Amino acid sequence: DGSLKGDSQTGYVLALAFDLLDENQEKQALDHLINAIQRRQNHLSTGLHGIRYLLTVLSESGQLDLAYQLLMNETFPSWGYQISQGATSLWERWDGWTPEKGFNNRSMNSFNSYAFGSVGQWLYSTVAGISAGAPGFREIIIRPRPGGGLTYAKATYDSVRGRIRSDWGIKEDRFILKVTVPINTTAKVYLPTPNADTVTESGIPVRESFSIRLIESAPEYTAFEIGSGNYEFHCPR
C-alpha cells in the first residue's frame, strides 16, 4: 500500500540516505525515524550499516538538534557512553563492555573498529563544516553548523592540495571563524548571519575587501567566496 511501518532506525536511515522513496514516503520515513529514536529516549539503535548515515540524514532533514542530541548522549547506547567507560578508541559494539556484564562476546568485540567511528565524517562536515565543493578539494566549502551546546570546535584536514582549517567559537553574542585555505583553491564560507554588513574579516568590514566576494544571502546565513590564505571572520550570533 506504499506505507512504511516498523521500528527499524537502520531501514529508515538507508531508505532516506539513498533516495529510495517518493516524496510522501520520505516524510513517512523521517517521521518514523524520529519516533523510533524518541521511543528509545532519544537514543540510537543503528548498527554497522545505518550509523554511517544517521546523523547526516537527520541534519539534512531539518533535525540538526536531534542529531546533536545523539552525538552528545552519555548513556547507553552512545559514543559518549563508550567514553564514560574509559574508551580511548571506538568499539565494535555499543555494549563491548558494560558494568553489569563486563566484556561482550570475545569472538567479535574489537575495541578499535571503524564502523561506529564513521561519525568522524559528520564531525568534519557538519560540526567543523569542512567539505569538498569540487573533486580533489579544488573548491572547498566551510560551513560549520553549531549545536548541542558546543561553544567551539576546530579541525584540520590535509587534502591533496594542502591543509584546510576550520576553527570556530562563540563568545557572548559573537561568532568567530578562523579559516585556512590552501594555495590554488577557493572556498565558500558560510556565516550564521543574514546581513553581510555585520561581517568583518581581520577587523575590516568584508564590504571593504577586494578579495572577498559576497555570493549569497539567506535568512539563516551569508556566504562569501575567498581565495587561499588565512582568515578570521566575526559576525553577530
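No value in this document is a laboratory result; all are computed from the given coordinates. For clarity, every value in this text was computed on a predicted model and none was experimentally measured.
For segment 58-75, in order, what is each residue's ³J(HN,Hα) by Karplus, 6.51 cos²θ - 1.76 cosθ + 1.60 with θ = phi - 60°, in whole Hz (x at glycine and Pro)?
So the Karplus estimates, Gly and Pro as x, are 5, 5, 7, 10, x, 10, 4, 4, 5, 4, 5, 4, 5, 5, 8, 4, 10, 9 Hz.
Calculated from DSSP H runs of 4 or more alone, at -39500 (n - 2.57) each and per residue, what is the 222 nm mean residue ellipticity of the chain, nearest 500?
Numbers: 7 runs with 58 residues, N = 237.
Result for the chain: -6500 deg cm²/dmol, rounded to the nearest 500.
Between (1) 116; (2) 154; (3) 138, which matches volume of the Cα convex hull per residue in Å³ calculated for the structure shown?
From the options (1) 116; (2) 154; (3) 138, the structure gives (2).
Give or take rounding to whole Å, what are the principal axis extents of the alpha carbon atoms in segment 118-202, in descending order?
So the extents along the principal axes, rounded to whole Å, are 36, 32, 18.
What length, rounded to one decimal in nm, is gained on full extension from SER217 through to ARG174, with 0.36 nm per residue of separation minus their alpha-carbon distance?
13.6 nm
Give me the Kirkwood hydrodynamic radius of segment 33-82 in Å, from all C-alpha pairs, to one decimal place?
Value: 10.8 Å, from the Cα pair sum.
When the chain is treated as a GNM, springs tying every alpha-carbon pair under 10 Å, which of GLN121, GLN69, GLN41 comes out with the largest mean-square fluctuation?
Among GLN121, GLN69, GLN41, the largest GNM mean-square fluctuation belongs to GLN41.
In nm, what is the difference between 0.36 nm times the number of residues separating THR156 and ARG138 and their Cα-Cα distance? Working shown, then result.
Numbers: separation 18, 0.36 × 18 = 6.48 nm, distance 1.62 nm.
Roughly 4.9 nm would be gained on extension.
Could you tell me how many cubic angstrom of Cα convex hull volume segment 1-86 has per residue?
Cα-based convex hull of segment 1-86, divided per residue, equals 84 Å³.
Report relative contact order for the chain in percent, whole number only (criteria: Cα-Cα under 8 Å, sequence separation at least 6).
Working: 441 pairs, mean separation 27.4, N = 237.
Relative contact order of the chain: 12 percent.
Could you count how many Lys pairs in the chain have their Cα atoms under 21 Å apart, skipping same-chain pairs fewer than 8 positions apart?
Taking the Cα cut-off of 21 Å, the pair count is 5.
What list of ³J(HN,Hα) couplings, whole Hz, do you get for segment 185-196 from phi and the Karplus terms 6.51, -1.76, 1.60, once you set θ to phi - 60° and write x for glycine and proline?
9, 10, 9, 9, 10, 10, 10, x, 8, x, 10, 5
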